[in-house]
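Q: Could you have a look at this structure, given as structure tokens, before my questions?
The values are calculated or read from the model by the stated rules, or taken from the named source; none is laboratory data. All figures in this text were calculated on a predicted structure; none of them were measured in a lab. All Cβ positions, glycine included, derive from the backbone under ideal geometry; neighbour counts span all protein chains shown. Just so you know, the surface numbers come from the protein's heavy atoms only, side chains and all, with ligands and any DNA or RNA stripped out. Shrake-Rupley method; radii C 1.70, N 1.55, O 1.52, S 1.80 Å.
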Amino acid sequence: MRLFDVLGPVMTGPSSSHTAGAVRIGLTARRLLGSRPLNAEIQLHGSFAATGRGHGTDKALVAGLLGMQPDDPRIPQSFELARQAGLQFSVGSVTLRGAHPNTAVLHLTGEDGRSLEVVGASIGGGRISICQIDGITTNFGADYNTLIVHNLDTPGHVAAVTGCLSDHAINIATMQLYRSTAGGYAVMVLECDQPIPDEVIAELRQKPGIVKVTSLNL
Amino acid sequence: MSYTSVREMLNACKANGKPLYEVILESDLAESGLSRAASEAEMRRLWAVMCQTSADYRACDRSMSGFAGGDAAKMEAAAAGGVLLSGSYLSEVMAEALKTAECNACMKRIVAAPTAGSCGVLPAVLLPLYRAGVCDEDAVCRALFVAAGFGQVVAARATLAGAEGGCQAEVGAASAMAAAALVDLRGGTAEACAEAFAMALTNLEGLVCDPVAGLVELPCIKRNVIGAVNAVSAADMAMAGIVGHIPADEVIDAVAEVGAAMSKDLRETGIGGLAGTPTGQKIREIVTMGQQ
Ligand code: SF4
């Protein structure tokens with residue numbers, strides 16, 4: 001373990017998994033949405049549902065949706081700040097099958113009208129995993145700039161996407177491929193060393209067979 | 001690469017004639033690619049946050065559950081009133097451990113050291129010495145590197161997560177890291193740091209993780225007090241030339257083995273131990289009722 005993972009992170013208490021990780025899930029969901037969220041329906045599963053209020057998990061998720069980092073001292077006031085920022089939200093609980101005990105489901109609508117469903121798990125020490133985007137399995141930690149491409153499960157898409165990234169001098173750090181059972185989609189999750197520019201996303205959206213492009217820039 | 005054994009760490013000191021913090025800092029620089037200046041600046045930032053957390057403590061703060069807060073102020077009042085058995089350093093250590101751990105429960109900013117639940121131990125033993133002028137910021141930061149280096153070995157050989165190893169892995173590790181830091185601050189040898197670390201960890205071996213209602217409050221906050229006081233006593237034993245006889249690496253391995261043998265109910269699930277007592281369950285009901 002890295003030295004500053006043993007000492008650190010600096011975070012708003014009380015729990016690295018239930019508070020710091022929850023802020024990161026909210027923040028990552030906001031970045032994936034790509035615009036300011038106006039509406040958020042939050043559902044907590046497992047330990048998040050059972051002890052979430054005591055750990056401030058609900059406030060932490062909302063704080064992340066407002067763009068706060070895990071060490072932001074305003075996390076306890078996030079509900080109030082959300083109202084001021086025009087973010088409508090609700091928090092409920094849900095039981096998901098086979099999900100990590102610290103899981104949250106976020107249904108978001110942004111100011112540009114786009115909506116997005118993100119399922120995120122807090123897997124310990126403040127680290128997270130984004131498990132689903134719009135119902136399709138993913139699995140990434142949101143530690144890198146990430147490009148998520150949903151495409152038809154037909155040949156040629158990987159080459160098209162990696163070609164486009166290399167044209168823009170973006171280096172791929174890791175790449176995962178999934179095949180969704182639902183709808184014959186395939187999903188590519190590419191973690192990149194550089195931020196993913198809007199042109200790349202626009203270009204990819206034009207390509208035949210590509211259903212959806214989502215990006216996370218840190 | 002960070003060290004995976006205390007023995008290797010001590011050998012590196014001996015072989016290169018370098019102090020412990022230097023050996024630890026260099027191994028991290030090689031791994032992280034950070035510059036020395038950036039790494040030292042980051043440690044100073046962490047120390048500044050530890051100082052700030054203590055300064056921001058308010059006696060009136062309460063946690064979401066309502067069960068945590070106000071105890072550090074009671075401790076300070078009792079110390080001022082002359083009713084405590086502990087001398088001034090120890091009573092300050094206890095008050096500081098409560099302060100930081102209560103701040104954590106009350107959603108204030110802390111440094112996970114090594115975890116949020118055990119965040120009060122290291123600042124508790126260091127702050128009173130720093131305030132009294134016994135050591136300056138540079139010495140504290142060197143001691144924090146020493147603490148972190150030992151923590152890295154625990155992470156490599158065992159775990160720093162209560163959910164995996166019980167509280168011996170959180171407050172136990174924090175306490176052992178703090179004991180090593182104290183010996184370093186007092187000018188003890190690298191060997192003495194390792195002895196203090198080993199004795200502190202030995203004395204909290206077997207501690208289970210049984211948070212009432214699953215919250216980082218009860219027993220966590222007061223466990224930070226025992227973690228800090230245990231660190232002071234282990235450091236003092238080591239400075240007196242007392243040794244623990246079981247080497248640090250073997251103690252860590254024992255902690256790993258004991259952690260693996262612990263029932264899941266006693267590893268942060270909020271089911272067994274204190275969490276399962278009639279009162280613990282009643283508190284859980286109260287806390288979850290407030291939720292609906
Ligand atoms: S009891 Fe568990 S949650 Fe509390 S400090 Fe110890 S390890 Fe952490």
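Q: Roughly how compact is the protein assembly as shown, stated as its Cα Rg over 2.2 N^0.38 Å to two decimals?
A: Working it through for the protein assembly as shown, the quotient is 1.02.
Q: Which of the listed residues, B:Ser2, B:Ser233, A:His100, is farthest toward the dipole's positive end in the protein assembly as shown, when Lys, Arg count +1 and Asp, Glu count -1 at the beta-carbon?
A: A:His100
Q: Where nothing but the Cβ of Lys and Arg (+1) and of Asp and Glu (-1) is charged, how large is the charge dipole of chain A around its Cα centre, in debye to the nearest 20?
A: Result for chain A is approximately 460 debye, rounded to the nearest 20.
Q: Next up: Would you list B:Ser118, B:Ser35 from the most to the least accessible area, probe 1.4 Å?
A: Highest to lowest solvent-accessible surface, that is B:Ser35, B:Ser118.
Q: On to the next question. Could you list which residues have their amide H under 5 Å from that of A:Ser93, counting only those 5 or more apart in sequence or on another chain, with H placed in the peptide plane?
A: Result for A:Ser93 returns A:Leu44.
Q: Search the structure for amide H atoms under 5 Å from the amide H of A:Cys131, placed 1.01 Å from N in the peptide plane, and list their residues when 5 or more places away or on another chain.
A: Counting only residues 5 or more places away or on other chains, the set is A:Val119, A:Gly120, A:Ala121.
Q: Can you list the HN-Hα couplings for the stretch A:173-180, worked out from phi with the Karplus curve (6.51, -1.76, 1.60; θ = phi - 60°), rounded to whole Hz and with x for Gly and Pro?
A: 8, 9, 9, 10, 10, 10, 10, 7
Q: Add +1 for every Lys or Arg and -1 for every Asp or Glu among the other residues with Cβ under 13 Å from the Cβ of A:Arg205, and state the total.
A: 0
Q: Per-residue HN-Hα couplings for the stretch B:12-26, Karplus 6.51 cos²θ - 1.76 cosθ + 1.60 at θ = phi - 60°, whole Hz, x for Gly and Pro?
A: Along the stretch B:12-26, the couplings run 4, 4, 5, 4, 9, x, 10, x, 4, 4, 5, 5, 5, 4, 4 Hz.
Q: Quick one: buried accessible area between B and A, total over both chains, 1.4 angstrom probe, nearest 100 Å²?
A: 2900
Q: Additional query: Can you pull the three principal axis extents for the Cα set of chain A, in Å, largest first?
A: Between the extreme Cα coordinates on each principal axis of chain A lie 49, 39, 35 Å.
Q: Right, something else. Once R0 is set to 22 Å, what does the formula 1/(1 + (r/R0)^6) return for the Cβ-Cβ distance between A:Ser93 and B:Ile286, expressed as a FRET efficiency to the nearest 0.05?
A: Between A:Ser93 and B:Ile286 the formula returns 0.75.
Q: Once you list every other residue whose beta carbon is under 10 Å from the beta carbon of B:Ala235, what net charge do they have if Lys and Arg are +1 and Asp and Glu are -1?
A: Neighbour charge sum, excluding B:Ala235 itself: -2.
Q: Which ³J(HN,Hα) values, rounded to whole Hz and listed in residue order, are derived for the stretch B:50-59 from phi using the Karplus coefficients 6.51, -1.76 and 1.60 in 6.51 cos²θ - 1.76 cosθ + 1.60 with θ = phi - 60°, glycine and proline given as x?
A: Result, ordered by residue: 4, 5, 5, 4, 4, 5, 7, 4, 10, 4 Hz.
Q: Distance check, please: which entries in A:Lys212/B:Lys108; B:Lys14/B:Lys99; B:Lys18/B:Lys108; A:Lys59/A:Lys212; B:Lys74/B:Lys282; B:Lys14/B:Lys222 exceed 28 angstrom between their Cα atoms?
A: A:Lys212/B:Lys108; B:Lys14/B:Lys99; B:Lys18/B:Lys108; A:Lys59/A:Lys212; B:Lys14/B:Lys222
Q: Among B:Ala198, B:Thr100, B:Cys167, pick out the residue whose Cα is farthest towards the positive end of the charge dipole of chain B, where Lys and Arg carry +1 and Asp and Glu carry -1 on C-beta, about the Cα centre.
A: Ranked along the dipole, the leading option is B:Thr100.
Q: Additional query: Sequence-distant or interchain residues sharing an amide H contact under 5 Å with A:Asp153, placed H: which?
A: Close amide H contacts, sequence-distant or interchain: A:Ala186.
Q: Using a simple spin-label model with points 7 Å from Cα along the Cα→Cβ vector, what separation in nm is obtained for A:Glu117 and A:Arg74?
A: Using points 7 Å along Cα→Cβ, the separation is 3.1 nm.
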